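Participant: Right, I'll just put the structure down here and ask away after.
The values are calculated or read from the model by the stated rules, or taken from the named source; none is laboratory data. Please read these numbers as outputs of a predicted model, since none were measured by experiment. Here the Cβ positions follow ideal geometry from the backbone for every residue, glycine too, while neighbour counts run over all protein chains shown. Side chains included, ligands, DNA and RNA excluded: accessible areas come from the protein's heavy atoms. Shrake-Rupley method; radii C 1.70, N 1.55, O 1.52, S 1.80 Å.
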Amino acid sequence: MGFKIAAHYGCHALRPSQVVRFDDPVTPSIFDELVEATGAESIAWPMKLECCGAPLWGFMMSYQRRLTLKKLKNGRESGADYLCTACTYCQIQFRYRFSR
């Protein structure tokens, strides 16, 4: 396939870890493994575990937009062809950013 994917877990999928118990909140791997099961490559990227900014929606819009754009740019600069998220809340955030 050859796609390089920036896997984005989303804050709420990993934290609070004692409640969600989805994966290791510091070094998650489940979503990366799922991405790689499709034949794509899950890339390492510096902002992988950073917030997308969605919790600031409607409250600190300019800061929220900067966080989202910074995260999208970091994925691209790290070599990703696509960003794939496990969090529907984050997906709304990224989609909104692209539609503006």
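Participant: What's the carbon and sulfur percent of the chain's accessible surface, probe 1.4 angstrom, rounded to a whole number?
Facilitator: 58
Participant: I've got another one for you. Could you tell me whether the chain comes out rounded, prolate or oblate from its Cα gyration tensor? Rule is a ≥ b ≥ c as square roots of the eigenvalues, rounded for a/c under 1.5, then prolate if a/b exceeds b/c, otherwise oblate.
Facilitator: It is oblate, given that a/c is not under 1.5 and a/b is not larger than b/c.
Participant: If I take R0 = 22 Å and measure r between the Cβ atoms of residue 21 and residue 57 in this structure, what FRET efficiency does the formula 1/(1 + (r/R0)^6) give, to the nearest 0.05?
Facilitator: Working from the Cβ atoms, E equals 0.25.
Participant: If you don't mind, another one. To one decimal place, what Kirkwood hydrodynamic radius in Å is obtained for region 41-96 from all pairs of distinct Cα atoms?
Facilitator: Hydrodynamic radius (Kirkwood, Cα only) of region 41-96 equals 11.5 Å.
Participant: Given a 1.4 Å probe, how much area per residue of the chain is accessible, in Å²?
Facilitator: Here the residues of the chain average 62 Å² of exposed surface.
Participant: Helix-only estimate, please: 222 nm mean residue ellipticity of the chain, summing -39500 (n - 2.57) across DSSP H runs of length 4 or more and dividing by its residues, to the nearest 500.
Facilitator: After summing the helix terms and dividing by the residues of the chain, the value is -12500 deg cm²/dmol.
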